[in-house]
Amino acid sequence: MQLALFMIFGGLAVLAALNLLLQRHPINSALSLVVVMMSLAVLYWSLGAEFLAAAQVIVYSGAIMVFFVFVIMLLNAGEEERTTGSRAAYIVGFPGAAAIFCLLSFVFLSERNAFGSSNVGGYLNHVTSNISEVSSLLFTKLLLPFEVTSVLILVAILGAVVLARKEQ
Amino acid sequence: MIDSLTQFLNEHWDVIISLVKIALLVFIVLTVNAYLTWFERKVVAHMQSRWGPHRVGPHGLLQPAADGLKFLLKEDPTPAGVDKFTYYLAPLMALALALTSIAIIPFGPDPIVVFGHKIYLGIVDLNIGLLALFAITALSVYGVALAGWSSNSKYPLLGGLRSSAQMVSYELALTMSVVGVLLMAGSFSLRDIINVQAIHADRGLFAWNVFPQILGFICFFTAAVAETNRVPFDLPEAESELVAGFHTEYSSFKFAMFFIAEYTSMITVSSLCAIMFFGGWLSPFPATWTFTHYLPSLILIPFGLWVIWDGIRYETIFGRIVLPGIGTVITVIGAVLIAFPFINEFIQGPFWLLGKIFFFLFVYVWMRGTLPRFRYDQLMAFGWKFLLPLAMANIIATSLIMALRG
C-alpha cells in the first residue's frame, strides 16, 4: 500500500514539477506547484507523519501558494517570453546541475546516519498520534532554531510594514 | 459462487462500507442542500412579510427539484476568451473540497452493528481531524480565486481578488480561535473533543465548551461566516458593486456547483460549531434525566399531527394528498421511537447533533434576513484589528488558566 502510494504520488510530484518548468503561463506553473506540494503531503502521510502532512497542505498549498496566485492575479501577469538565455548557462547549465546533484546525493547518502540525531525521523514511524511528539521536540531540543525562525519571520513582517507605510 | 462472494465481501468489508457511506452521505448532503435553499427563501420571506416560494408543490416543497432541473437543462455557454482549463477546474475544486470536508464530521456516538461489523456514523475518524478540516478550508480559496481569474472579465477578477483576500485574512482568526478548545481537549480528533465535554455529563449543558470558550466561539463563528462568504461578509458577490462577483461568467450547472459548495460549507461550519462548542451529540440536560429521552417523539408527533391538520385544509388537491402523507410518516416515526426503546436510545446522539446543526443553519439564514453588508475596509479592519487579537487573547487566557490549575 505504502509502495503503491509512493509510486503514484512520487511520480505525480515529479511530473508536476516538470510541468511547472514547461508551462508558459504563471498561473499554470503555480497550480503545478500546488500539485507538487499536495503529492509531498500524501508522501508524508503514507510515512505516518500526519501532522507534517496537514501542516504542509495548510502552510504551502493553503497560504503560500494562495499568495502566489493572488499576486499573479493582481499584477495580471501574461505569458512569459522565451529567450535563448546567456551562452554560459547554455553550455555549463546542464552539466553543472548534474554535478551539484551528484555531490549533494553523495553527501546525504554517506552522512545519513548523522541526520537522525534530532529523532524526528525516528519518532515519525511508529507513533500513531505524533503531534505531541513533534511539539515537545520543538519546545525542548529544537527550541533555539524554533525561536530564531520566529524572529526571522518577525523581521520579514517589519520589513513589510516599512514598505507599506505611507510617506509622511 | 455464493462462498466466494461472501469471502470477497468479508475481505473488503471496510472498503465497501466506506463506499456505501460516501454515496449515502453525498446523496443526503445534496438533498439537504436543496431543501436548505427552500428553507432559506421561506424564512427570509416570512421575515420580510412575504410568502416565499409556494407555487411548485404544496408550500413550495418541490421548488428545489424545479431549480435543480432548471440548472441541468439550461444552456451551458463558455464565454469567449476564458482560460478553459482553469475555468472548468474552479467549480470542480470548490464542490469537491466542500464535499470532502464533511467526511470528517462524526454524526453519532455509537456504531450500528451489522453482521458483527461495527459501522460508525461518519466516514473517517482521523486523529488530526480538525487539522485536516483546516487544510481543506485553506484550499477552498482556490475555487474562488481561479474562477475570478479565469473568467477573463473585470467583475469576476475584482470579486475573486476581494474574496481571496477576505478568506486568507479570516482564516487566521478561524484557526486561532479553536486553539482554546484544542488545549482543553488535548486532541485534534472531533470525537475526543466531544468526549472531553462528556466528562461532566451530570451538569448538562453547563459542561459544554461554549462557557469557558465564549470568546473563542464568537471569533470562530464570525470568522467562519466570513470564510463561507455569507451575509454580512458576502463582499465577493456584492451585487450592487460587482454584479455577481467571482461567478458572474458561470451559468447553468457550473454555477450550481458553486452554489452547492457554499451551502455544503455552511453545513460543515454548523457541524463544527455544534461539535466543538456545543457538546456535539451530548444532550443539554443532565445525563440522569432519562425522561428527556422522549423529547424526539414529543417533538415529532405533534409536528406530524400539525402537518396532517394543515394538509387536509390545503387549497390544492395535490397538497391535500401529499401533506397528510408526510405528516403520517413523521407521526409514525415518533410513535416507533416510543415503542422501541433501543432505537430511541440510539437516536439520542444524532438527534441532538442534528438539532444543533439545524439551529446554526437557522442562525445563518436569520443573519441574512437581518444584517446589512460590511464595507470592504470595515471588513478588513474588523478581521485584523478585532478578531485576530481577540483570538490571541483567548489563547493566552486559556493556557494561563490551564497552567495555573495544573
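Structure values in brief
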item	result
The listed residue being within 29 Å of A:GLU133 (Cα to Cα), assigned to a helix (DSSP H, G or I) and not assigned by TED's automatic domain parsing to the domain that holds A:GLU133, out of A:PHE70, A:PHE9	A:PHE9
Candidate set from the stretch A:109-141 (those that are surrounded by fewer than 11 Cβ atoms within 10 Å (Cβ to Cβ) and within 19 Å of A:TYR44 (Cα to Cα)); member that is modelled with the highest pLDDT	A:ARG112
Filter result for B:HIS46 (surrounded by 11 or more Cβ atoms within 10 Å (Cβ to Cβ) and closer than 21 Å to B:PHE360 by Cα)	yes
Members of the stretch A:36-72 found to be farther than 23 Å from B:GLY129 by Cβ and touching a residue at least 40 places away in the same chain (Cβ under 8 Å), listed by number	A:VAL69, A:ILE72
Residue in the stretch B:186-196 that is among the basic types (Lys, Arg), in contact (Cβ under 8 Å) with a residue 60 or more places away in the chain, closer than 22 Å to B:SER283 by Cα and more than 14 Å from chain A (Cβ to nearest Cβ) present	no
Total residues in the stretch B:113-138, condition out of contact with any Asp or Glu (no Cβ under 6 Å at 6 or more places or on another chain), assigned to a loop (DSSP other than H, G, I, E, B) and within 14 Å of chain A (Cβ to nearest Cβ)	4
Filter pass, B:SER187 being within 23 Å of B:LEU404 (Cβ to Cβ) and in contact with a Ser or Thr (Cβ under 8 Å, 6 or more places away or on another chain)	yes
Check on B:LEU139, in contact with a Phe, Trp or Tyr (Cβ under 7 Å, 6 or more places away or on another chain) and at negative phi	no
Test result for B:ALA287, out of contact with any Leu (no Cβ under 7 Å at 6 or more places or on another chain), of a type in the set (A, V, I, L, M, F, W, C) and free of Cβ contacts under 8 Å to residues at least 12 places away in the same chain	no
Subset of the stretch B:67-89 [of a type in the set (A, V, I, L, M, F, W, C), surrounded by 12 or more Cβ atoms within 10 Å (Cβ to Cβ) and either assigned to a loop (DSSP other than H, G, I, E, B) or modelled with pLDDT of 90 or more (or both)]	B:VAL82
Matching residues in the stretch A:17-27 - criterion: being within 14 Å of another protein chain (Cβ to nearest Cβ) and in contact with a Ser or Thr (Cβ under 7 Å, 6 or more places away or on another chain)	A:ASN19, A:GLN23, A:ILE27
Candidate set from the stretch B:145-155 (those that are more than 10 Å from chain A (Cβ to nearest Cβ), assigned to a helix (DSSP H, G or I) and at pLDDT below 85); member that is surrounded by the fewest Cβ atoms within 10 Å (Cβ to Cβ)	B:LYS154
Residue match in the stretch B:170-181 (condition: within 14 Å of chain A (Cβ to nearest Cβ), within 30 Å of B:ASN10 (Cβ to Cβ) and of a type in the set (A, V, I, L, M))	no
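The rows are residues; the columns are (1) farther than 29 Å from B:VAL82 by Cβ; (2) assigned to a helix (DSSP H, G or I); (3) among the aromatic types (Phe, Trp, Tyr).
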residue: B:ILE260; (1), (2), (3): no, yes, no
residue: B:VAL269; (1), (2), (3): yes, yes, no
residue: B:ALA274; (1), (2), (3): yes, yes, no
residue: B:PRO284; (1), (2), (3): yes, no, no
residue: B:LEU298; (1), (2), (3): yes, yes, no
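This table checks each residue for (1) more than 10 Å from chain B (Cβ to nearest Cβ); (2) under 19 Å from B:VAL144 (Cβ atoms); (3) of a type in the set (S, T, N, Q).
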site: A:SER29; (1), (2), (3): yes, no, yes
site: A:SER32; (1), (2), (3): yes, no, yes
site: A:SER46; (1), (2), (3): yes, no, yes
site: A:GLU50; (1), (2), (3): no, no, no
site: A:VAL57; (1), (2), (3): no, yes, no
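The values are calculated or read from the model by the stated rules, or taken from the named source; none is laboratory data. Bear in mind that the values here come from a model prediction, so they are computed numbers and not experimental data. Virtual Cβ from ideal backbone geometry, glycine too; neighbours counted across all protein chains shown.
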